[in-house]
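Colleague: Structure incoming, see below.
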Amino acid sequence: MSIALDALDRRILRVLQRDARISNIDLAAEVGLSPSPCLRRVRLLEEAGIIARYVAVLDARQVGLGMTLFARVWLTAQDAETIDRFIAAMRTLDEVVECYIMLGESDALLRVVVADLDAYRRFQAAHLTRINGIQNVKTDVPSETVKQTYALPLA
């Protein structure tokens, strides 16, 4: 199901990206609708898949996962079987919170979240470099997180 987003839908989405737990009454008041039409619009956005799901965003440090690293991965080949095997393996690794197949220098880019550098070394040795099809992994360690958001820039 596909729907064209109007200005009101975009206002609803901006508010929900900021606070998905907002009550329908408060959401309706904030976007200038009465509760019933507001709820109807939210349901349509959900049914269309524009709102894919609702999640709780955790503070990684508070749950003992204070280190984020970026791993650039080179595969042994770029055929469909190698890439599919790599993708399937990435989906099983909880430490890999984002995985992108890349066009450019490396074949994939991973965002990995672990407790500390020792935990990453263990993860890399026990899991990442043992995956069939991975030729090389280069890891980048960010020194500071300047911006991290999950909200899309809706005009």
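Colleague: Out of the residues in the stretch 32-77 meeting the condition of being within 30 Å of Val141 (Cβ to Cβ) and among the small types (Gly, Ala, Ser), tell me which one is farthest from the chain's Cα centre (by Cα).
Modeller: To start, the set of residues in the stretch 32-77 that are within 30 Å of Val141 (Cβ to Cβ) comprises 55-77.
From the residues that got through so far, the ones that are among the small types (Gly, Ala, Ser) too are 56, 60, 64, 66, 71, 77.
On the way: Ala56: 12, Ala60: 14, Gly64: 19, Gly66: 17, Ala71: 15, Ala77: 26 Å.
Here the residue is Ala77.
Colleague: Test of understanding: among Ile87, Ile12, Ile83, Ile22, which residue is outside the structural domain of Arg130 (by TED's automatic domain parsing), out of contact with any His (no Cβ under 6 Å at 6 or more places or on another chain) and assigned to a helix (DSSP H, G or I)? Break it down stepwise before answering.
Modeller: Working: Ile87 fails: outside the structural domain of Arg130 (by TED's automatic domain parsing); Ile83 fails: outside the structural domain of Arg130 (by TED's automatic domain parsing); Ile22 fails: assigned to a helix (DSSP H, G or I).
Within the list Ile87, Ile12, Ile83, Ile22, the selection yields Ile12.
Colleague: Looking at Glu46, Glu98, can you tell me which residue is within 23 Å of Gln17 (Cα to Cα) and surrounded by 13 or more Cβ atoms within 10 Å (Cβ to Cβ)? Before the answer, list the steps.
Modeller: Numbers: Glu98 fails: surrounded by 13 or more Cβ atoms within 10 Å (Cβ to Cβ).
Exactly one of Glu46, Glu98 is within 23 Å of Gln17 (Cα to Cα) and surrounded by 13 or more Cβ atoms within 10 Å (Cβ to Cβ), namely Glu46.
Colleague: Here's another thing I want to ask about it. Within the stretch 78-116, work out how many residues are among the hydrophobic types (A, V, I, L, M, F, W, C) and in contact with a Gly (Cβ under 7 Å, 6 or more places away or on another chain).
Modeller: 2
The values are calculated or read from the model by the stated rules, or taken from the named source; none is laboratory data. Model, not experiment: these values are computed from the prediction. Quick reminder, even Gly has a Cβ in these numbers, built from the backbone with ideal geometry, and neighbours come from all protein chains shown.
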